[in-house]
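Notes for the one structure printed next.
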Amino acid sequence: MKNLTRRLALAAAALTLAAGAAPALAQQASQKQVVGVAIPAATHSFTAGIVYWANQAKKDLEKANPGLQVIVKTAANASEQANQLQDLVTVNKINALVIFPFESAALTKPVAQVKSKGIYVTVVDRGLTDTSAQDAYVAGDNTAFGRIPAEYIAKALGGKGNIVALRGIPTTLDNERMEAFNAVLKKHPDLKLLDAKHANWNRDDAFKVTQDYLTRFKNIDAIWAADDDMAVGVLRAIEQAKRNDIKLVFGGAGAKGMVKTLMDGSNPLIQANVSYSPKFMYDAIKLTAEARLKGQKLPATTIIPSVLITKENAKQFYFPDSPF
Amino acid sequence: MPPEHAERAPAPAGRAPGTWWGRLHGAGPVIGLVLLCLAGTALNGDFATLDNALNVLTRTAFIGIIAVGMCFVIISGGIDLSVGSMAALIAGCMILVMNGAAQAIASPVAVVAVGMAVALALGAAFGLAHGLLITKGRIEPFIVTLGTLGIFRAYLTYFAGGGAITLDNALADLYSPVYYGSLLGVPIPVWIFALVALAGGFILNRTAYGRYVQAIGSNEQVARYAAVDVDRVKILTYMLLGLCVGIATLLYVPRLGSASPTTGLLWELEAIAAVIVGGTALKGGAGSITGTLVGAVLLSVISNILNLTSIISVYLNAAVQGFVIIVVAFLQRGRR
């Protein structure tokens, strides 16, 4: 009896698989691809950039490939995103999914569900807790995001001086960046990290934390703000305290305002930046769509490199139309 | 304010005559603040400097001014969860209006004046809308303001395209003294904070309107029978809070010259916490502006001390704030 049930279940599974695979194959043959894109809603500058670049990718790719449809869905929280995944599969009948998971753990099961239906899954930036739920992973380089500022600061200060850091919201991503920063400092015994506090990627919090740093430390050579939003608050706090011991403020992520400042050379404290552009969303969608149109697969992991932005190459990183 | 303390002080003393514990009730926030300041000084010598004190008071100004308005709303038995989003939306609209007006009006001073007027008018208008929905629409204040919490922030995010709305540089330079300037060595936000608090104390304790607010909070039915125009008083209370949010925004905008969807996040909880830590009952009826001031300063001092020291894991900052709030509330629980 048990055996029979199992055999029936197996047969049913095989049938479903065959049924599921057949139309997918047929579609691939006719080059018709529907790519679903699930991303967080624009609630702060960075996610606004993600939304902007996703829509940009939709526009460019649909124009270049008549057989391609890109559907962009934005979600305000993890459970909304999970619901959207179901809609993308059942209503929009997507063949490929590009997802920027709202949360890693909460979205792992829903994404695995999508993949189990034979849909090609590319995960962007925030990884899943179980990588077998994805076909490909595309991300920014968080290690370089921490390493490059540290190297730049070390070089600019001649390997000697006092640094304070402002961290983002306590997350693994923030830890990764901080560890990379610390690893470089270890090689420079005369560079001292006085303190590193969380300012939550927020301008107001960064303003307060910096005010208190300035009260507490009479001599600071460089401030690593770990994000351009925080750098705005840092600069105002320095200005207000009329401190001129600080030689360098290093933000990060290449927000358009900061890149502009860099291009114009309008603030001597801002000398460099590190790219972590939400444009990797564009790249991820483009890579996935083009590979799928050819019936190919992406490498398991693609890291979009974070590179040093200086006055010389700033132009390549300046996107005035992006909200970020 | 002193008069109401004078009225209330004998009651707990009568219950527990002569005991130190009896006298401790009500002084909880002040004791908490003094203890915190002593701890701060012990942990870092720079805590007790004038500059640091002024920094803390200046940054308390936003929450403090909002908390004064919130104090009225809570005493009247209401609540407003939307103030953080409201401040953010007002800041965004104010910047958009000023940037727009700069094209049309030649005098930058006039542009800033227009912006300020818009902020105050918007604050009062949002407050009026809350008041009307709560009184005439007969919807719970919790629900009305929970709704507008989402509405305000969503509109700001929409206007900003998810990014930041930034004030034109020339205007920002002209306007920035409102936050960064000082008068007689005291920063302007602290002056405005003090004025708002004095006005709030006066209105609450010395006017008929203030007495009506307290009466409605302790028993709305009785107030109705006593011929108090309950609806009108309630609407005015929400408008007063809206106006306070507008005033706070006037000080906020020159600080960073921008508004983004993360502006004013959780300010509502900070303002409510300041009022409650300051000894006002969440169920309404009684409360004081003095307590609210102390509560607001206390909350800023906690985060200031945490920033000035690094003995506690950075992950536990929020826990420290929570512990202090609960301890202070415990110290003055006898007044509920």
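The values are calculated or read from the model by the stated rules, or taken from the named source; none is laboratory data. These figures come from a predicted structure and were not determined experimentally. Cβ coordinates were reconstructed from backbone atoms using ideal geometry, including for glycine residues, and neighbour counts include every protein chain displayed. Protein only, heavy atoms only, side chains kept; ligands, DNA and RNA dropped before computing areas. Shrake-Rupley method; radii C 1.70, N 1.55, O 1.52, S 1.80 Å.
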Worksheet, complete the sentence: Within region A:256-274, the residues whose backbone N lies under 20 Å from a label point placed 7 Å from the Cα of A:K187 along the Cα-to-Cβ direction are A:272-274
Fill in: Drop in accessible area of at least 10 Å² in the complex versus isolated chain, residues of region B:30-64, 1.4 Å probe
B:N44, B:D46, B:N52, B:N55, B:R59
Discussion item. Quick check: from the Cα gyration tensor, does chain A come out rounded (a/c under 1.5), prolate or oblate?
Written reply: prolate
Item to complete: Pairs of Cα atoms under 8 Å, at least six residues apart: use those to get the relative contact order of chain A, whole percent.
Response: 18 percent
Discussion item. How much accessible area per residue does region B:35-112 have, counting only protein heavy atoms and a probe of 1.4 Å, in square angstrom?
Written reply: 30 Å²
Worksheet, complete the sentence: Counting only protein heavy atoms and rolling a 1.4 Å probe, one gets per residue an accessible area for region A:142-275 in Å² of 37 Å²
Worksheet item: Counting alpha carbon pairs within less than 8 Å and at least 6 residues apart, what relative contact order, in whole percent, applies to region A:142-275?
Response: 25 percent
Worksheet, complete the sentence: The simple spin-label model distance between B:F159 and B:L184, using points 7 Å out along Cα→Cβ, in nm, is 3.5 nm
Practice prompt. Counting helices only, and only those DSSP H runs with n ≥ 4, report the 222 nm mean residue ellipticity of chain A as the sum of -39,500 (n - 2.57) divided by its residues, in deg cm²/dmol to the nearest 500.
Written response: -16000 deg cm²/dmol
Worksheet item: Which of the peptides A:112-118, A:267-273 is most tightly packed, and how do the rest follow, going by the mean number of other Cβ atoms within 10 Å of each residue?
Response: A:267-273, A:112-118
Worksheet item: Is any helix in chain A, taking whole DSSP H runs, at least 24 angstrom long along its axis by alpha carbon and on average at least 0.0 on the Kyte-Doolittle scale, and which ones?
Response: A:2-29
Discussion item. Taking just the alpha-carbon atoms of chain B, what radius of gyration and Dmax come out, in angstrom?
Written reply: 20.4, 68
Worksheet item: Any idea of the total accessible area buried by the B-A contact, 1.4 Å probe, rounded to 100 Å²?
Response: 2600 Å²
Item to complete: Please sort through the DSSP H helices of chain B and keep those with an alpha-carbon extent of at least 30 Å along the long axis and a Kyte-Doolittle average not below 1.0.
Response: B:50-75, B:83-104, B:108-135, B:230-256
Practice prompt. Please report, as a whole percent, how much of the solvent-accessible surface of the protein assembly as shown comes from carbon and sulfur atoms (probe radius 1.4 Å).
Written response: 63 percent
Worksheet item: Running Debye on region A:142-275 with equal point scatterers at the Cα sites and no solvent, what base-10 log of I(q)/I(0) appears at q = 0.09, 0.14 Å⁻¹?
Response: -0.21, -0.53
Discussion item. Set the bar at 23 Å for Cα to Cα. Now go through A:K73/A:K286; A:K187/A:K208; A:K242/A:K311; A:K242/A:K315; A:K58/A:K109 and name every pair that lies beyond it.
Written reply: A:K187/A:K208; A:K242/A:K311; A:K242/A:K315; A:K58/A:K109
Worksheet entry | Under 20 Å from A:K260, Cα to Cα: aspartates and glutamates that are on another chain or at least 8 residues apart | A:D227, A:D228, A:D229, A:E239, A:E312, A:D321, B:D168, B:D173
Fill in: Solvent-accessible area lost in complex, 30 Å² minimum, residues of region B:287-315 relative to chain alone, 1.4 Å
B:N307, B:L308, B:S310, B:V314, B:Y315
Response to the item:
Rounded to 0.05, the calculated FRET efficiency for the beta carbons of B:F330 and B:R206 at R₀ = 35 Å is 0.65
Discussion item. At 7 Å along Cα-to-Cβ for each site, give me the label-to-label distance between A:T310 and B:A110 in nm.
Written reply: 4.9 nm
Worksheet item: Per the helix-only calculation at 222 nm, which mean residue ellipticity applies to chain B, given -39500 (n - 2.57) for every DSSP H run of n ≥ 4 and division by its residues, nearest 500 deg cm²/dmol?
Response: -24500 deg cm²/dmol
Worksheet item: How much accessible surface does A:S104 have with a 1.4 Å probe, in Å² rounded to 10?
Response: 40 Å²
Discussion item. Just want to confirm a number: the relative contact order over region B:48-148, from Cα pairs under 8 angstrom separated by 6+ residues, in percent.
Written reply: 30 percent
Worksheet item: How long, wide and thick is the protein assembly as shown, going by the Cα atoms along their three principal axes, in whole angstroms, largest first?
Response: 86, 70, 60
Worksheet item: Where both residues lie in the protein assembly as shown, what percent of DSSP beta bridges are antiparallel, nearest 5?
Response: 15 percent
Discussion item. Checking a compactness column here: for region A:21-157, what do you get for Rg(Cα) / (2.2 N^0.38 Å), N being the number of residues?
Written reply: 1.19
Worksheet entry | Counting all C-alpha pairs of region B:147-228, share separated by more than 16 Å (%) | 74 percent
Worksheet, complete the sentence: Ordered by number, the residues of region B:131-165 that have at least 20 Å² less accessible area in the complete protein assembly than on their own chain alone (1.4 Å probe) are B:T157, B:G161, B:G162, B:G163, B:A164
Discussion item. Given R₀ = 22 Å, what would the calculated FRET efficiency be for B:L316 paired with B:V34, taking r from the Cβ atoms and rounding to 0.05?
Written reply: 0.40
Discussion item. Based only on Cα atoms, what mean projected area does the convex hull of region A:216-271 have, in nm²?
Written reply: 3.6 nm²
